[in-house]
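The values are calculated or read from the model by the stated rules, or taken from the named source; none is laboratory data. Just so it is clear, the structure is predicted and the values come from calculations on it, not from any experiment. A quick note on method: Cβ atoms are made from the backbone with ideal geometry, for glycine too, and the neighbour counts reach across all protein chains shown. Just so you know, the surface numbers come from the protein's heavy atoms only, side chains and all, with ligands and any DNA or RNA stripped out. Shrake-Rupley method; radii C 1.70, N 1.55, O 1.52, S 1.80 Å.
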Amino acid sequence: MKGLWTPAWMARHLLAIVLTAGCLALGWWQFSRAADGNAISWGYMFQWPVFGGFVVFIWVREIQVARRKAAGEPLTAPEEEPPATGSAVTLGRPVRVGSRAAAPAEADPELDAYNDYLAWLAANPGARPADYPGRIPQ
């Protein structure tokens, strides 16, 4: 617990308290405006306390992380064992393995012409597509 009373943590505690109080004060201010007839302030009146709650959530979360670090606990959950190979159902994220596609048995003349066109465009950056010498006249 000593680590939460360092000057850096004291500044964090103070910042969290100031931000939370500020959000609640702004919510109260929006309530007074809404009560005076400003219709849009009703939404803001609920929005500011939510922001304050988020500040409290992050503050508590950071304290928990600091305590775990000080206790030497791992910050992430341990890895689960892989399921047995004979199991019918596996739960988890699918793994996508990239593979190189085998070369096609037949050459595709349209694909070759398109690749030649793209290579020509890359070699001639200032040229227009109509300047391509291999185009078929229409």
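The residue of segment 12-40 that is modelled with the lowest pLDDT, among those that are closer than 16 Å to residue 62 by Cβ and open to solvent by 60 Å² or more (accessible area, probe 1.4 Å), is 12. Considering (1) open to solvent by 80 Å² or more (accessible area, probe 1.4 Å); (2) within 30 Å of residue 9 (Cα to Cα); (3) at pLDDT 90 or above, the lone condition that residue 78 does not fulfil carries the number (3).
Yes/no matrix, rows are residues, columns are (1) open to solvent by 80 Å² or more (accessible area, probe 1.4 Å); (2) out of contact with any Cys (no Cβ under 6 Å at 6 or more places or on another chain); (3) farther than 30 Å from residue 3 by Cβ; (4) modelled with pLDDT of 65 or more:
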{"residue": "74", "(1), (2), (3), (4)": "yes, yes, no, yes"}
{"residue": "85", "(1), (2), (3), (4)": "yes, yes, yes, no"}
{"residue": "91", "(1), (2), (3), (4)": "yes, yes, yes, yes"}
{"residue": "106", "(1), (2), (3), (4)": "yes, yes, yes, yes"}
{"residue": "133", "(1), (2), (3), (4)": "yes, yes, yes, yes"}
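The selection criterion, being in contact with a Gly (Cβ under 8 Å, 6 or more places away or on another chain) and among the hydroxyl-bearing types (Ser, Thr, Tyr), holds for residue 20.
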